[in-house]
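Okay, so here's the structure we're looking at.
The values are calculated or read from the model by the stated rules, or taken from the named source; none is laboratory data. The structure presented is a predicted model; accordingly, all values stated were derived computationally and were not measured. Cβ placement follows ideal geometry from the backbone for every residue including glycine, while neighbour counts extend to all protein chains displayed. Note: areas computed on protein heavy atoms with side chains; ligands, DNA, RNA excluded. Shrake-Rupley method; radii C 1.70, N 1.55, O 1.52, S 1.80 Å.
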Amino acid sequence: MTDLNIKIEKLIENKADDFEVAKVIKREIKEYLNSLSDIFTQSSGKDFFIKHTKTIDKFIKIIYKYLLRKHFSIYLPMSNYVPITIVALGSYGREQLCVYSDIDIMLIYADILGYNIKPIMEEFMILCWDSGLKLGSRVHNINEISQAVKTDITIKTSILESRLIYGSQYLWYSFQNVLSEIRHYEPKSFLLEKLEEHKKRLIKSPLNMQPNIKDGYGGMRESNMLFWIANIKYGVKNSKELINIVFNEDEYKKYRTALEYIFKVRNALHLISKKKLDIVTFDILPELSSWLGFKDTIRLSKERQCMSKILLSLHNIHNFTAVITKKITRSFFIGNNNISMLKKQRIGDALYLCDNTLYTTFKKVSKNIDSLLKELIYLPNTINKFDQSYKYFVSKTIYNKKISSSNSLIVLLLQKENLYPILKLLYNTGVLIQIIPTFKKIINQPQFDSYHKHPVDIHSIKTLYHIENIKNDFLINLYNSLSKEQVFILKLSALFHDCGKGRGKDHHIVGQNLFKKFAKSMNLNSKVTNLTSLLIRYHNIMSKVANTEDIYSQSTILAFTGILKTKEALDLLFLLTYADINSVDRRLYNSSTGLLLKELYLQSLPAFDNKELLKISSRRVAKENAIKKHKLFLNSSKREQRNILNIKSNQMFLKYKAQDIIEIALRANKIEDYGFRIFNEDNLKIRITRVISLNLGYLLGRFNFLNITSMGIYRLFNNKKFFEITFDKKIDDEDILFIEDIIKSSFDMDKKIRIKKPKILEKDITIDCNHTEDLASFKIFTKDQKGLFSYVAKIFDEFNIEITSAKIGLVRGYANDLILIEKDGNFCVNKKEIINNLIDEDSI
C-alpha cells in the first residue's frame, strides 16, 4: 500500500486525471486478488475474511483521501472535520467479506453549507467503480437515516452490521446514537419479518447434496440471523458476548468451529471459480476438497470426506442457531395470555402440547436415556413437531455406560404409531446414533449418484416419513390393511434399507447383515428379523423390474415373485418402494412410475395363488371375460364386439383395463386412414390409431426435444394398429398445435429426418429371440445420447420390424431401453445385420 500511495502522489504532482489514478489503483487491486490463493494457504477462514476486509478498507481509504487532496489542495482539513463518513455494511461490516461478494458501503454526510459535499461523494463512487471495486452503496444524510430505516427492513438489517471504515468521527458518534434508536424501534415486528424471511429462505434452499452454504440450511445466513436477533435483544456486537448468558462456552465452541469451516469453504469456492459461488456443486467438489486439504484413503475419497464435513458443519450451525434464536425471541412472542393457554395444555412435567407441537422450558432438567425413552414412548401420537425448547432438552440427554440396558425401550419406541417426528427429533439432537449405533456410518454420508438429493441419513428418515404420509389412494388402503407387526417391519425396513452404504461392498447385502445384528441385540422375533432382512436385501428390485423389464412376461414375474415368496413381502415391498422413491423427490413418483409399479404388483399377485394364471393365454381369457360383462361392450353392435375380441395383440389385453380396450377398439372402428388423441395432464401422452403406414422413425425424430418414457404398439383388427407414446413431462398448452402438426406430417412416408448416429458398442446390446412365445426382446444399455431411441426406431423401420412395445429408461447417465418385437416379423432372421447397422464402426 505504501508503494501505491507514492504512485498516487506522483500522479497528483503530474496533474493526472481521475481515470489515470483509477487505472493505477485497479492494477494494484488486480495484483492483490491474484495473490489471494497464496494467502488462503496460510489463513483460510475468519482470519482470511478479516485480512481481505482490511485490505479493501485500505483501497477505499486511498481513493477517498485522494479525492480530498484533489478538492481541498493545500487547504486540506483533518478528515474528522469533513462531514462525510464511510461505513461498511452487510458481510463487509461483519468483516466476513468474500472475494467476489459485493462491497456494501454507506456514505453518511451532514449537509454543511461551507462544504461542497455532494460532488466529492459522487466522484468517490465513480472512482471506486473505475478502480474495479464492485460497490453496493447507499447515501444518507445523518438526519434522514432513522426515517429511512422505518420504511425498509433491508436497510435496518444492513445498518445493524455497520462498521466505520474512515471519515468524520463526529458523524460516526452521531450515527451510533441513531443506531441505538433504530435497534429499539418496533423490535417485535422486525423479528417477525426476519424470521418469516428466514423460513422462506430455508424452504427455497433446503439441505441437499449440492448445499447452498450462504443462504441454505445451516449456511452463513443462519449465523447472521442469530447476530441480528442478539443485537436487537442485547445490543451486542458479537454473539460471543452471550456466552454464559444464553449458551455455555462448549456449545458456542462447537458452533464456531462449524462456522469457521463454512467460512473456509466459501472462500475456497470464490477463489477456485473466480466468481461469486455459494453452492457446492458436484463439478467443483474435487478441486474444493483438495484446496481444503483432503486426500483419498483406501476407504473414502477426498470428495466424500469433504462433503461429509460440510454436512456436519451445516447441521451444527443450524441446530445451534435454531435453538438459540428461539431462546432469545421467546420473550418477545409469549405474553401472559400465551402462558396461561400453555398451562391449560400441560401433559406432564414441564411438558405442554399445543397445536400438535410439544413445548417445554429451556431450563428443563436433563434426563438419562432410559427416562427420556420412557417419556417419548408415552407421549401422545398426535405430536407432529417438537419445539426448539424440547430439542434443547433432548440434546442434553445423559447416557448409560451400557446402552443395551435400554433395548426393550428402544423396541417399544420404534413401534410407535407416529414415529417419524420422534426419529427426526432424535436425529437432530444426536441421540439416534446413541440408541442405534448402526446409523453412525451413514450420518452425513453423501451420495454422488446423480439420483439421490440427500445424504444417506436424511434420505432414510425421509423414507420413514413417506411411509407414515402416503398420498396414493391404492397404497393407503394397502397400508391400512397391515397388522401392527407388519407396520413395524415396514418402518424398520425404511429406516435400515440404506444402512449398508459407504462400506465398500454391496450395500443391500451389508445392510441386511447389519440389520440382523441389530435385530439379535434387540431380541426381535424370527419373522420380524427375516422379513425385514429380505426387504432390505431387495429394496430396489421392484423399481428395477418395473422400469427395465417386461412386466407382462411370465418368466419376469416368476423370477420377481420367486425372490419374495409371499404376498405379504410383495405388499410391504410395494409400500417401501413408494416411500423410497418419494424420499428422493416427490416428483419422481409420477403417474408413469406409479402406474408401472402398480401394474407389476397386480401382475405378480396371481403367482402366489396359481402360477398357471401367469400364462398369457390365461390372462387374455380372464380379460376377455371381464370385457364381455362390461356395459359398454354389451351396448355395442355384434360387429364391434367381434372386432374387440379379435384384437390380435395379446399385450393389449395384459396392459389395459377392460374399459380402455373397449374404448380404443370402438374408436378404431370409425377410423379409415388415421386418428389421434393428445393428453396433457400430468405428462404428455399421444395415442394414434392408423390404417395407413406411419413413418415411426420420422415421428420419434421430431420428438427429440422431449424424453420418451414408454411406447406401446398393438395390432388391432382389419390391419389397424394402435400406438401409445408417453413422455416424462407435460407441455405448454399452446404447443399442442405443434404436436398435432408433427403427428400429421408423420403419415408422409417420404419424409426424412437426419438423426446423428449414436455411439453404441456391440456389448451394449442384448437380444433374446425366445423372450416369450410371441415376442423377442432387444435391450440396450449404453451412454445416454440425444436421439438414441429415435435412431434405433429408424433402423427398425428400414428392416420393416414390428415393435410391440418399448420401455425407455435412464440410469445414472445411461440409457436402459427395452424393446419387444413380434417374433413372426423380420427381427430375429436379420439380427446380425441390424446390430451391424446400430453399432459404431470403430468398435467392430
With +1 on the Cβ of every Lys and Arg and -1 on the Cβ of every Asp and Glu, the dipole magnitude of the chain about its Cα centre, in debye rounded to the nearest 20, is 2240 debye
Share of the stretch 501-601's accessible area from carbon and sulfur, percent, 1.4 Å?
-> 54 percent
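Counting only protein heavy atoms and using a 1.4 Å probe, what share of the accessible area of the stretch 83-157 belongs to carbon plus sulfur, as a whole percent? Show your work: numbers first, answer last.
Numbers: 1440 of 3000 Å².
Whole-percent figure for carbon plus sulfur exposure: 48.
Quick one: putting +1 on the C-beta of Lys and Arg, -1 on the C-beta of Asp and Glu, what dipole do you get for the stretch 73-175 around its Cα centre, in Debye to the nearest 20? Intermediate values should be presented prior to the final figure.
Values: 7 positive and 10 negative charges, 42 e Å.
The dipole of the stretch 73-175 has a size of about 200 debye.
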Is the shape of the stretch 790-830 best called rounded, prolate or oblate, per the rule: a/c under 1.5 gives rounded, else a/b larger than b/c gives prolate, else oblate, with a ≥ b ≥ c the square roots of the Cα gyration tensor eigenvalues?
-> prolate
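In square angstrom, what is the accessible area per residue of the stretch 705-815 with a 1.4 angstrom probe? Write down the numbers at each step before the final one.
On the way: 5880 Å² over 111 residues.
Solvent-accessible surface per residue comes out at 53 Å².
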Angle, helix 591-604 long axis vs. longest principal axis of the chain, Cα atoms, 0 to 90°, nearest 10?
-> 40 degrees
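Out of all DSSP beta bridges in the chain, what portion is antiparallel? Express it as a percent rounded to 5. If you can, show how the numbers build up before the last one.
Details: 59 of 70 bridges.
Taking every DSSP beta bridge with both residues in the chain, the antiparallel ones total about 85 percent.
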Bounding extents of the stretch 417-510 in its principal axis frame from Cα atoms, largest first in Å, are 38, 29, 23
Between THR281 and MET749, how many nm apart are label points set 7 Å from Cα along the C-beta direction?
-> 4.9 nm
Taking a Cβ-Cβ separation under 4.7 Å as the criterion for a possible partner, which cysteines of the chain have none?
-> CYS98, CYS128, CYS306, CYS354, CYS499
Nearest-0.05 FRET efficiency for ILE835 and GLU568, computed from C-beta distance (R0 51 Å) = 0.70
State, as an integer percentage, the relative contact order of the chain based on alpha-carbon contacts under 8 Å between residues 6 or more apart.
-> 6 percent
Which trypsin sites (Lys or Arg not before Pro) does the stretch 228-276 hold that lie in a coil by DSSP with at most 11 other beta carbons within 10 Å?
-> LYS274, LYS275
Angle in degrees between helix 507-521 and the longest Cα principal axis of the chain, rounded to the nearest 10 | 80 degrees
Put a dot 7 Å past each Cα toward the Cβ at ASP449 and ASN177; how far apart are the dots in nm?
-> 6.6 nm
Inverting the mean 1/r over all pairs of different Cα atoms, compute the Kirkwood radius of the stretch 340-400 and quote it in Å.
-> 11.8 Å
So what is the calculated 222 nm ellipticity per residue for the chain, using -39500 (n - 2.57) for each DSSP H run with n of 4 or more, over all residues, to the nearest 500 deg cm²/dmol?
-> -16500 deg cm²/dmol
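Let's see if you can work this out: charge +1 on each Lys and Arg Cβ, -1 on each Asp and Glu Cβ, no other charges. What is the dipole magnitude of the stretch 728-844 about its Cα centre, in debye to the nearest 20?
Values: 19 positive and 25 negative charges, 110 e Å.
Using only the charged Cβ atoms, the result is roughly 520 debye.
Can you give the FRET efficiency for LYS61 and LEU192, using 1/(1 + (r/R0)^6), R0 = 35 Å, r = Cβ-Cβ distance, to the nearest 0.05? Let's see the in-between values first.
Details: r = 39 Å, r/R0 = 1.11.
It comes out at approximately 0.35.
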In degrees, nearest 10, the alpha-carbon axis of helix 736-745 is tilted away from the dominant principal axis of the alpha carbons of the chain by 40 degrees
Roughly how many percent of the accessible protein surface of the stretch 244-325 is carbon and sulfur, given a 1.4 Å probe and a whole-percent answer?
-> 52 percent
Using the structure shown, list the pairs from LYS505/LYS831; LYS385/LYS544; LYS721/LYS807 with a Cα-Cα distance above 30 Å, or answer none.
-> LYS505/LYS831; LYS385/LYS544
